[in-house]
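Peer 1: Handing you this structure, nothing more for now.
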Amino acid sequence: MAPDYSLNSSWLALPFINDVADSVPLFDTLKTDDANADVFFIYPTSFLKATNDTCWNASVFDTIVNNLSLTRSITYQATIFNAAGKIYVPIYRQAHYRSFFTSDKLSAAQALEVAYTDVRNAFIYYLKNYNNGRPIIIAAHSQGAYHGRKLLSDFFDSRDSELKLVAAYLIGYPTNVHAFEMIKPCTTATQTNCFISWRCYNNKTDLNQLPNTDALCVNPLTWDTIHTDAPAKLNAGAVLKDFNKLIKNACDAVIKNNYLLCSKPSIRGKILITKKNYHVVDMNLFYMNIRENALLRVNTFLKSQK
């Protein structure tokens, strides 16, 4: 059953309801009640459970899936942006995790199209009923970034678009540098009407084992695409297991072959971090850098409108 976005229950977060997206880490000093932009956040895949091959999309009433999205993505990702804007997070019939790996490409494509249809309908409802001409940040991770890329193409990438795009943070899913006609890659910390993307791996990763890619890679420690090492001292702080604990200087970052390579996070028990693919923490490793940057871009956008 498709979501009815006129119902508050079809959203995981709305700014006029006290919800998880309003959470602020105890160490934070940026959050105010006067956010001057909106954030349309599209969460990553949480439909992970073993299931038969005929079930390709999550039900919007699946409490297990929705709770995973709330406790993981909304808590540790969507909250990054609540200093910069009011958070809107629609529930959507996300495609199952296997959609990105299966040999059944037709079923996967159909599942992703169902998911995007929901995201698109939610955005249309948001525009008609909530936006009121406010500047917009599109923020998304993984499967969410896949849908966010299509959302940009459909609604923003046109000379006729009257929507006010601050920036699109399309993290964790490859987005080609030339994916859009009008929307350019963000290559400075204050650029607006642009998009940002990266995929994060450990710096010991053998790049020969990763596919060649023309995807955009922005370094969140410098907010440029220059292939220069950015030291850990530029990392304003990661937020990992403990939401209220800021881990400063968590890791460095450098762009190589259009991937973002990072040192193993400087945290207690880091020896337990054995995976070289840091996809799950693409955003968490740079929590405060993104948080500060989103607010900076909003303020820059607002000044440009005066």
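The values are calculated or read from the model by the stated rules, or taken from the named source; none is laboratory data. Keep in mind that what you see is a predicted model, and the values were worked out from it rather than measured. Positions of Cβ are generated from backbone atoms using ideal geometry, with glycine treated the same way; all protein chains shown enter the neighbour counts.
Peer 1: Of everything in the range 125-161 that's part of a helix (DSSP H, G or I) and of a type in the set (Gly, Ala, Ser), which residue is farthest from VAL281 (Cα to Cα)?
Peer 2: Only one residue fits best here, namely SER153.
Peer 1: When the residues of the range 93-151 are filtered to those that are without any contact (Cβ under 8 Å) to a residue 24 or more places away in the chain and hydroxyl-bearing (Ser, Thr, Tyr), which remaining residue is farthest from VAL60 (Cα to Cα)?
Peer 2: SER103
Peer 1: Could you tell me which residue of the range 53-91 is farthest from VAL39 (Cα to Cα), considering only residues that are among the aromatic types (Phe, Trp, Tyr) and under 15 Å from the mean Cα position of the chain (by Cα)?
Peer 2: Out of the qualifying residues, it is TYR76.
Peer 1: I'd like the residue in the range 125-147 that is in contact with a Pro (Cβ under 9 Å, 6 or more places away or on another chain) and closer than 21 Å to THR79 by Cβ and, out of all such residues, is surrounded by the fewest Cβ atoms within 10 Å (Cβ to Cβ).
Peer 2: My answer is TYR130.
Peer 1: Please work out if ALA167 is buried (at least 24 other Cβ atoms within 10 Å of the Cβ), small (Gly, Ala, Ser) and under 19 Å from the mean Cα position of the chain (by Cα).
Peer 2: Yes: the conditions hold for ALA167.
Peer 1: Based on this model, can you work out whether ALA108 counts as over 17 Å from ALA122 (Cα atoms), touching a strand residue (DSSP E or B) at 6+ places or on another chain (Cβ under 8 Å) and at pLDDT below 95?
Peer 2: yes
Peer 1: So which of ASN212, ASN219, ASN208 is surrounded by fewer than 20 Cβ atoms within 10 Å (Cβ to Cβ), touching a residue at least 12 places away in the same chain (Cβ under 8 Å) and not hydroxyl-bearing (Ser, Thr, Tyr)?
Peer 2: ASN212
Peer 1: Somewhere in the range 175-191, is a residue surrounded by 20 or more Cβ atoms within 10 Å (Cβ to Cβ), touching an Asp or Glu at 6+ places or on another chain (Cβ under 6 Å), at pLDDT 95 or above and not in a loop (DSSP other than H, G, I, E, B)?
Peer 2: No, every residue in the range 175-191 fails to be surrounded by 20 or more Cβ atoms within 10 Å (Cβ to Cβ), touching an Asp or Glu at 6+ places or on another chain (Cβ under 6 Å), at pLDDT 95 or above and not in a loop (DSSP other than H, G, I, E, B).
Peer 1: If you don't mind, another one. Restricting to the range 277-306, what's the tally of residues that are among the basic types (Lys, Arg), touching a helix residue (DSSP H, G or I) at 6+ places or on another chain (Cβ under 9 Å) and either more than 16 Å from ILE196 (Cβ to Cβ) or without any contact (Cβ under 8 Å) to a residue 60 or more places away in the chain (or both)?
Peer 2: So the count comes out to 0.
Yes/no matrix, rows are residues, columns are (1) touching a strand residue (DSSP E or B) at 6+ places or on another chain (Cβ under 6 Å); (2) of a type in the set (Gly, Ala, Ser); (3) crowded, with 19+ Cβ neighbours inside 10 Å:
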site: ALA13; (1), (2), (3): yes, yes, yes
site: ASP19; (1), (2), (3): yes, no, no
site: LEU26; (1), (2), (3): no, no, no
site: ALA35; (1), (2), (3): yes, yes, yes
site: CYS55; (1), (2), (3): no, no, no
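Peer 1: In addition: Only one of (1) at pLDDT 95 or above; (2) touching an Asp or Glu at 6+ places or on another chain (Cβ under 8 Å) is not met by SER263, so which one is it?
Peer 2: Here SER263 clears every test but (1).
Peer 1: Being hydroxyl-bearing (Ser, Thr, Tyr) and more than 22 Å from LEU12 (Cβ to Cβ) is the filter here; which residues of the range 71-113 pass it?
Peer 2: Matches in the range 71-113: THR102, SER103, SER107.
Peer 1: Name the single residue, out of those in the range 83-124 being in contact with a Pro (Cβ under 8 Å, 6 or more places away or on another chain), part of a helix (DSSP H, G or I) and not hydrophobic (A, V, I, L, M, F, W, C), that is surrounded by the fewest Cβ atoms within 10 Å (Cβ to Cβ).
Peer 2: In this case the residue turns out to be ASN121.
Peer 1: Can you find even one residue in the range 291-303 that is crowded, with 17+ Cβ neighbours inside 10 Å, small (Gly, Ala, Ser) and within 18 Å of TYR201 (Cα to Cα)?
Peer 2: no
Peer 1: Next question. Look through ILE290, ILE271, ILE255 and report the one residue that is β-branched (Val, Ile, Thr) and at pLDDT below 95.
Peer 2: Answer to the check: ILE271.
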